[in-house]
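Okay, structure first, notes after.
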Ligand code: PEP
């Protein structure tokens, strides 16, 4: 695992102000685990409140609109989420690609807007089960990555995290083997080296996401080229999320 693992909780469409106590508890614990970089992506409605509650952990948004402002009812721009306290934005999550028809091209434009607003990116990629069964997982994910990267990204070392999230592993309790994760992360790294050169590309953390929990985190984080985890369901309580942070702080030697 990379020098400082990055563990990010994606709360998805969960949480009211009652959940701020979980953010506080995660933040307090993270202050004693400085070996791990910890962050939360709450829903838009809690972004500013979580930002105000925490001192140590990072706070980011789960999405942003590619435009600057205007007549886009219900949408939220990159400038707005940055103003609410977001330091990063998750783009290209498979639930947005699936439920909102987001194309690679749109994801890339959201990335441009987020960078312009001074935020970092967590860019999600991942194959469906059908694609994996067809033996096309690596070809699909590397093509998706290339097409979703924002054209204006100049310093990936500073601004980019990639999250490999096989669609079939999200929320299902199923995970790839450590070997399969290592192989996919290696392929993702090769794309980044090709596009940005080794010096920049080797500093980009590649997270694994999909059914990570406190029991399997140590093993999943031991896979080659894994720089941390993007966590959905298990990030909703401080207890389960911190189990993953502890696993990241004490990795098994691979
Ligand atoms: C996710 O959707 O980003 C995710 C990793 O979800 P879960 O951990 O619930 O599988």
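Quick note: the coordinates plus some simple rules give every number you see, no bench work behind them. Fair warning: this is a prediction, and the values are worked out from it, not measured in the lab. We place every Cβ from the backbone using ideal geometry, glycine too, and count neighbours over all the protein chains shown.
Before moving on, here are some points about what is shown:
- Conditions (1) closer than 20 Å to residue 6 by Cα; (2) surrounded by fewer than 17 Cβ atoms within 10 Å (Cβ to Cβ); number of the one not met by residue 154: (1)
- Hits in the range 66-91 - residues which are touching a strand residue (DSSP E or B) at 6+ places or on another chain (Cβ under 7 Å), within 21 Å of residue 8 (Cβ to Cβ) and away from the ligand (no atom under 16 Å from the Cβ): 76, 78, 81, 85, 86, 87
- Yes/no for residue 143 being surrounded by 14 or more Cβ atoms within 10 Å (Cβ to Cβ), without any contact (Cβ under 8 Å) to a residue 12 or more places away in the chain, more than 16 Å from the ligand (Cβ to nearest atom) and assigned to a helix (DSSP H, G or I): yes
- Taking the range 112-139 as the range and being surrounded by 14 or more Cβ atoms within 10 Å (Cβ to Cβ) and more than 30 Å from residue 68 (Cβ to Cβ) as the test, the residues that pass are 127, 128, 129, 131, 132, 136, 137, 138.
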